[in-house]
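See structure below.
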Amino acid sequence: MIEKRQFYIDGSWVDPVTASDFPVIDPSTEEEVGVISLGSQADTDAAVAAARSAFDDWSRTDPSDRIALVERLLEIYNNRAEDMAEAISLEMGAPIDFSRAEQVAAGSGHIKAGLRAARDFQFVRLLGPHAPGAKILMEPVGTVAMITPWNWPMNQVALKVVPALLAGCTMVLKPSEIAPFSSVLFTEILDEAGVPAGVYNMVNGDGPGVGSQLSCHPDIDMVSFTGSTRAGIAISKAAADTIKRVSLELGGKGANLVFADAGEEAVRRGVADMMENTGQSCNAPSRMLVERSFYDEAVEIARDAAEATEVGPAHKAGGHIGPLVSQAQWDKVQGLIQKGLDEGARLVAGGLGRPEGLNRGFFARPTVFADVTNDMTIAREEIFGPVLSMIPFESEAEAIRIANDTPYGLTNYAQTSDEARQRRLAHRLRAGMVVLNGKSRGSGAPFGGVKQSGNGREGGVWGIEEFLEVKSVGGYPEG
Ligand code: NAD
């Protein structure tokens with residue numbers, strides 16, 4: 001049994017003011033494997049006060065000192081990669097090989113990209129040659145609350161903590177109460193790296209508790225949030241009275257446009273990308289739109305790919321997918337599969353219940369629905385499970401219309417060998433990100449959405465800018 005009840009406040013591990021135990025469940029076995037404590041208002045206040053009083057000194061440090069701290073963080077993070085892989089695998093069910101290769105690596109990738117961006121970052125800029133003495137000072141926004149989800153824990157924590165440190169902000173992290181072990185370990189790593197007392201603080205807690213206490217706290221200047229659109233709305237409202245900056249990275253319902261010239265591999269890749277992390281990714285390509293002339297063939301390829309997707313426990317080596325994170329998530333996914341059946345979508349793979357041979361653990365069946373229409377619940381709501389919806393289209397114009405007909409706008413995907421069409425789609429799909437033919441957007445590229453997928457941009461240069469205020473000065477002396 002792992003016991004991690006303490007919080008990290010003002011450079012020390014401290015007991016909660018009032019005990020409030022919360023179990024951590026292994027999703028592969030449904031067993032309780034650990035315990036944390038949920039913080040109270042007094043813990044939140046202590047962490048915010050520590051961050052607030054550290055701000056004046058930290059915000060005036062030289063950027064090179066902040067870079068040096070993050071370089072030490074990267075080194076220790078890499079040394080403890082195996083511990084991190086095991087923590088993530090245990091708390092949220094990512095199979096251990098996937099946890100090592102993707103979950104842990106996402107964190108180190110963002111630390112490296114943050115460092116690269118910071119080394120060239122101009123904190124003091126000239127307005128332009130037309131305005132001598134007019135300067136732009138990029139200054140840290142202040143004391144930041146960071147609230148993160150469970151699905152890619154180190155990806156999201158690194159995308160917030162690293163740029164905020166580099167920008168000169170101080171902070172309080174509240175990680176997901178469902179997957180807290182990786183953040184406790186990340187905090188140990190930061191402590192070992194020598195983060196000055198108060199600059200970084202961590203308090204565990206749930207949304208209604210520490211989450212909302214931070215969102216309306218008068219001494220917090222900004223809330224950086226990743227999670228559901230539901231919680232993003234609640235946080236925005238709570239933050240409104242004190243006019244905080246609120247940066248939101250929310251849900252998605254990505255469209256993957258597959259044209260007839262794309263071929264079998266594009267469909268297989270689309271299914272694999274949907275099933276990755278057991279479908280629990282905000283940028284999952286969950287609606288596969290297929291050109292009519294290729295549609296019947298694509299449905300058969302997708303069925304085959306889904307049926308070939310293995311499901312198994314997180315501790316087992318191999319390329320399988322793991323369980324869903326929790327009973328609540330399992331119930332939600334089952335409810336949405338049932339909705340798909342009730343609303344008349346054609347089930348071609350998977351379906352209700354657990355995969356054969358797995359009768360304990362939050363395991364779901366890799367599922368494909370065909371003949372989905374874009375007004376069905378499974379095409380509109382984020383399922384956050386291994387469930388693909390396939391929708392036929394007749395023309396490029398219709399494909400774009402269906403892709404953009406969603407409250408979300410995080411990532412869209414397109415598969416076609418026609419270069420002119422690739423360019424048109426890159427411009428016309430309404431989303432923060434477009435991925436063409438499975439090609440990388442590049443390390444340090446901005447991550448974020450439009451519409452109800454949020455307003456933030458994390459990663460690289462954009463990630464640092466999120467944590468800065470822009471000050472305009474006239475008459476700044478030369479030299
Ligand atoms: P969630 O919104 O339930 O919880 C996320 C975090 O917010 C947790 O730390 C939780 O304790 C906290 N929280 C919940 N309610 C709150 C409230 N009222 N006030 C303050 N804090 C509150 O989401 P989840 O189930 O942990 O994660 C899944 C969601 O996250 C999905 O919708 C997914 O799309 C989204 N997500 C988005 C991105 C992105 O970058 N756009 C990345 C990953 C996940």
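Applying the selection to the stretch 232-242, what residues are within 6 Å of the ligand (Cβ to nearest atom) and open to solvent by less than 20 Å² (accessible area, probe 1.4 Å)?
Of everything in the stretch 232-242, just one residue is within 6 Å of the ligand (Cβ to nearest atom) and open to solvent by less than 20 Å² (accessible area, probe 1.4 Å), namely Ile235.
Please state which one of Val162, Val195, Val144 is assigned to a strand (DSSP E or B) and not assigned by TED's automatic domain parsing to the domain that holds Gly385. Sole residue among the options that is assigned to a strand (DSSP E or B) and not assigned by TED's automatic domain parsing to the domain that holds Gly385: Val144.
Tell me whether the stretch 204-218 contains one or more residues that are assigned by TED's automatic domain parsing to the domain that holds Ile67, under 21 Å from Lys112 (Cβ atoms) and in contact (Cβ under 8 Å) with a residue 60 or more places away in the chain.
Going residue by residue through the stretch 204-218, those that are assigned by TED's automatic domain parsing to the domain that holds Ile67 are 204-218.
Adding the requirement that they be under 21 Å from Lys112 (Cβ atoms) leaves none.
Taking every residue of the stretch 204-218 in turn, none turns out to be assigned by TED's automatic domain parsing to the domain that holds Ile67, under 21 Å from Lys112 (Cβ atoms) and in contact (Cβ under 8 Å) with a residue 60 or more places away in the chain.
Based on this model, can you work out whether Asp43 counts as among the acidic types (Asp, Glu), open to solvent by 40 Å² or more (accessible area, probe 1.4 Å) and in contact (Cβ under 8 Å) with a residue 60 or more places away in the chain?
On the way: among the acidic types (Asp, Glu): yes; open to solvent by 40 Å² or more (accessible area, probe 1.4 Å): no; in contact (Cβ under 8 Å) with a residue 60 or more places away in the chain: yes.
The answer is no for Asp43.
In the stretch 319-331, the residue that is most open to solvent (accessible area, probe 1.4 Å) out of those that are among the hydrophobic types (A, V, I, L, M, F, W, C) and assigned to a helix (DSSP H, G or I) is Ala328. Select from the stretch 145-166 the residues that are farther than 19 Å from Leu115 by Cβ and either away from the ligand (no atom under 11 Å from the Cβ) or among the polar types (S, T, N, Q) (or both) and list them in ascending order. Passing the criteria: Thr148, Asn151. Scanning the stretch 343-386 for residues that are in contact with a Ser or Thr (Cβ under 9 Å, 6 or more places away or on another chain) and assigned to a helix (DSSP H, G or I) turns up Ile378, Ala379, Arg380.
Applying a threshold of 6 Å to beta carbon distances and a minimum spacing of six or more residues, or different chains, the list of pairs starting in the stretch 311-337 at a residue that is over 18 Å from Ala349 (Cβ atoms) and ending at one that is at pLDDT below 95 and part of a helix (DSSP H, G or I) is empty.
Residue count for the stretch 227-256, restricted to those that are within 30 Å of Gly312 (Cα to Cα) and more than 17 Å from the chain's Cα centre (by Cα): 2. Set side by side, the residues Arg287, Arg245 differ, and just one is open to solvent by 10 Å² or more (accessible area, probe 1.4 Å), more than 14 Å from the ligand (Cβ to nearest atom) and either basic (Lys, Arg) or not assigned by TED's automatic domain parsing to the domain that holds Gly438 (or both), which is Arg245.
Given the residues Lys316, Lys339, which is the only one that is over 22 Å from the mean Cα position of the chain (by Cα), part of a helix (DSSP H, G or I) and surrounded by fewer than 17 Cβ atoms within 10 Å (Cβ to Cβ)?
Details: Lys316 fails: part of a helix (DSSP H, G or I).
One residue alone meets the criteria, Lys339.
Applying the selection to the stretch 209-228, what residues are more than 6 Å from the ligand (Cβ to nearest atom) and either charged (D, E, K, R) or open to solvent by 40 Å² or more (accessible area, probe 1.4 Å) (or both)?
Going through the stretch 209-228, the residues more than 6 Å from the ligand (Cβ to nearest atom) turn out to be 209-210, 213-214, 216-225.
Hits for the stretch 209-228 are Cys216, Pro218, Asp219, Asp221.
The values are calculated or read from the model by the stated rules, or taken from the named source; none is laboratory data. Predicted, not measured: the structure shown is a model, and the values here were computed from it. Glycine gets a Cβ as well: all are built from the backbone with ideal geometry, and neighbour counts include every protein chain shown. With ligands, DNA and RNA removed, areas are computed over all heavy atoms of the protein, side chains included. Shrake-Rupley method; radii C 1.70, N 1.55, O 1.52, S 1.80 Å.
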